[in-house]
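Coordinate-derived values only; no laboratory data. All values reported here derive from a predicted model rather than from experimental measurement. Positions of Cβ are backbone-derived with ideal geometry, glycine not excepted, and every protein chain shown enters the neighbour counts.
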Amino acid sequence: MQKILSIAALLAIGHAACAQTPVDKIINATEVERIEKTLSADDMQGRRTFTPGIDKAADFIAAEFKKAGIQPLKGDSYFQEFAMLKPKFLSANGTLNGNPIPEKNIVALSSQNTIKVTDKSGWEKVNVGESDTLFPVVMRLLDTKKNYFVTVNEKYGRMFNGLKRFREQTFESPANIVLVLTNETPNTFSVEFNQEVNRAPLKNVVGIIPGNKKKDEYVIFSGHYDHLGIGKPNAEGDSIFNGANDDASGVTAVIMLAQYYAKQKNNERTLVFAAFTAEEVGGFGAKHFSEQYDPSKVMAMFNIEMIGTESKWGTNSAFITGYEKTDMGTILEKNLKGSAFKFYPDPYPDQQLFYRSDNATLARQGVPAHTISTSKMDSEKFYHTVDDEIETLDMKNMAEIIKSIALSATSIISGKDTPSRVDTKQLR
């Protein structure tokens, strides 16, 4: 009996070693560098939306999905195409409680050329007060596809100007939202906003591995492939915002996870691999993607954002945004028990990262959708600079992070574990 047990133990160890081999073979620093180097190269021109550089990046990602052996999302194309609006501001005027509203204090988010609203229009009224958070409120309102007249407390003056930049790239939606910067309660009001709206084509890159038994349950792995493009040259003459960490690193992870799971062939749930466009100008790629899914059928979303540098805890670690909102982080840690890797709660709650990345649209609908990152948001000196290049990244640590994501997700993709849902009441 002892001999039999010894043989069984040896077989178990051998099986575990064999199971580990594909991870190291597929996800390694050499392969990380190959993909990352291509995505962050100068000839990608910083991957700005509506440029040849971002189209070149999309073609590369689609080719990598095809090479990995995952299926196109629909038909024979990996591209999920949609239109984004590019409104040109013309004029704005209005009155609030009989007093004129300064033009600079009016913003409209709409796909119409002319937007008119009065207190008799029947639009819902919303106030963003001192204790609210402007951008999450606005995004939540956009999700409802209704019409709103929104007064915004003057303490948000700087963020209000950010909304003006946000509206320069607008997602096509039946919602109309007119916002006025004021501390007054709107008893009577009348606003007219005029713009010239043009439509511009964009595309996400999406592939899938159908589930074996639970084909209608989805697990999503995502990152955004756009960045800031070309700007003013620095002292050394460099003008390309390569975005090696933000977020070529996340897309590199998505590609490598597609390679890994395609070879495993053991996913009971359908796996979706998505590279989003237009994150830097408002998260429109992720928003369009999210609207194609019934949120009740999305079991988990792993959004991967800036994993190229070590976290505040050093190597072999990463944090999960919104960690406390579901038990997904607990599941991931359980699957990594005994390894050197550790997931932590988001150490930068004041920056509201849970609401700011491509996980947010599905999270607002209750999906356990979280972003995994290592970025030191209080001291990441190359963030949104021309110095965000591959030389600043740690390929070996990136490989370990990607392997840990792959292994930690095992029980979720197998259908054994299902993370708890986000309580959407917390997001209001």
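Within region 175-200, find all residues whose amide N lies under 18 Å from a label point positioned 7 Å from the Cα of ASN127 along Cα-to-beta-carbon. Once the point is set 7 Å along Cα→Cβ of ASN127, 178-190 turn out to lie under 18 Å by backbone N, inside region 175-200. Inter-label distance, GLN352 to ASP119: 2.8 nm, where each label sits 7 Å from its Cα along the C-beta direction.
Against the main long axis of the alpha-carbon atoms of the chain, helix 134-144 sits at an angle near 90°. For the chain, the longest principal axis of the C-alpha atoms and the axis of helix 157-166 are separated by about 70°.
Based on the alpha-carbon gyration tensor of region 86-199 and its eigenvalue square roots a ≥ b ≥ c, which shape applies: rounded if a/c is under 1.5, prolate if not and a/b is larger than b/c, or oblate? Since a/c stays below 1.5, the shape of region 86-199 is classed as rounded.
FRET efficiency for the pair ALA175 and MET377, taken as 1/(1 + (r/R0)^6) with r the Cβ-Cβ distance and R0 = 25 Å, rounds to 0.25. Taking Cα atoms only, the orientation of helix 395-408 departs from the longest principal axis of the chain by about 90 degrees.
Among SER173, SER339, SER77, the largest mean-square fluctuation in a Gaussian network model of the chain, built with springs joining Cα atoms closer than 10 Å, belongs to SER339. Inter-part distance, region 167-224 to region 323-384, computed on C-alpha centroids, equals 22 Å.
Of the trypsin sites (Lys or Arg not before Pro) in region 336-397, the ones in a loop by DSSP (not H, G, I, E or B) with at most 13 other beta carbons within 10 Å are LYS337, LYS381. Kirkwood radius, region 182-325, all distinct C-alpha pairs, inverse of mean reciprocal distance: 18.3 Å.
Top mean-square fluctuation among ALA62, ALA360, ALA340, Gaussian network model of the chain, C-alpha springs under 10 Å? Result: ALA340 has the largest fluctuation of those listed.
Arranged from fewest to most other beta-carbon atoms within 10 Å of their beta carbon, SER239, SER91, SER222, SER131 become SER131, SER91, SER239, SER222. When ILE372, ILE106 are sorted by how many other C-beta atoms sit within 10 angstrom of their C-beta, beginning with the fewest, the order is ILE106, ILE372. In this simple spin-label model, placing a label point 7 Å from the Cα along the Cα-to-Cβ direction at both GLU192 and LYS416 gives a separation of 6.6 nm. Annotation note: GluC sites (Glu not before Pro) in region 203-309 located in DSSP loop regions with a Cβ neighbour count of at most 14 within 10 Å are GLU236.
Pairwise Cα separations in the chain fall into 20 Å bins from 0 onward with the following percentages, short to long: 25, 54, 19, 2, 0. For the pair ASP327 and ALA29, label points projected 7 Å from Cα toward Cβ lie 3.8 nm apart. Taken about its Cα centre, the chain carries a charge dipole of about 1280 debye when Lys and Arg each add +1 at the Cβ and Asp and Glu each add -1 at the Cβ. Sites listed here are trypsin sites (Lys or Arg not before Pro) in region 86-120 whose DSSP assignment is loop and whose Cβ has at most 11 other Cβ atoms within 10 Å: LYS120. Do the alpha carbons of any pairs in LYS203/LYS416; LYS88/LYS203; LYS37/LYS416 sit beyond 30 Å of each other, and which pairs? Exceeds cut-off: LYS203/LYS416; LYS37/LYS416. Simple rule: put +1 on each Lys or Arg Cβ and -1 on each Asp or Glu Cβ in region 191-240, find the dipole, and look at LEU202, ILE230, ASN212; the Cα lying farthest toward the positive end is ASN212. For the pair GLN71 and ALA235, a Förster radius of 45 Å applied to the C-beta separation gives a FRET efficiency near 0.40, rounded to the nearest 0.05. Counting every other Cβ atom within 10 Å of each residue's Cβ, ILE27, ILE307 order from fewest to most as ILE27, ILE307.
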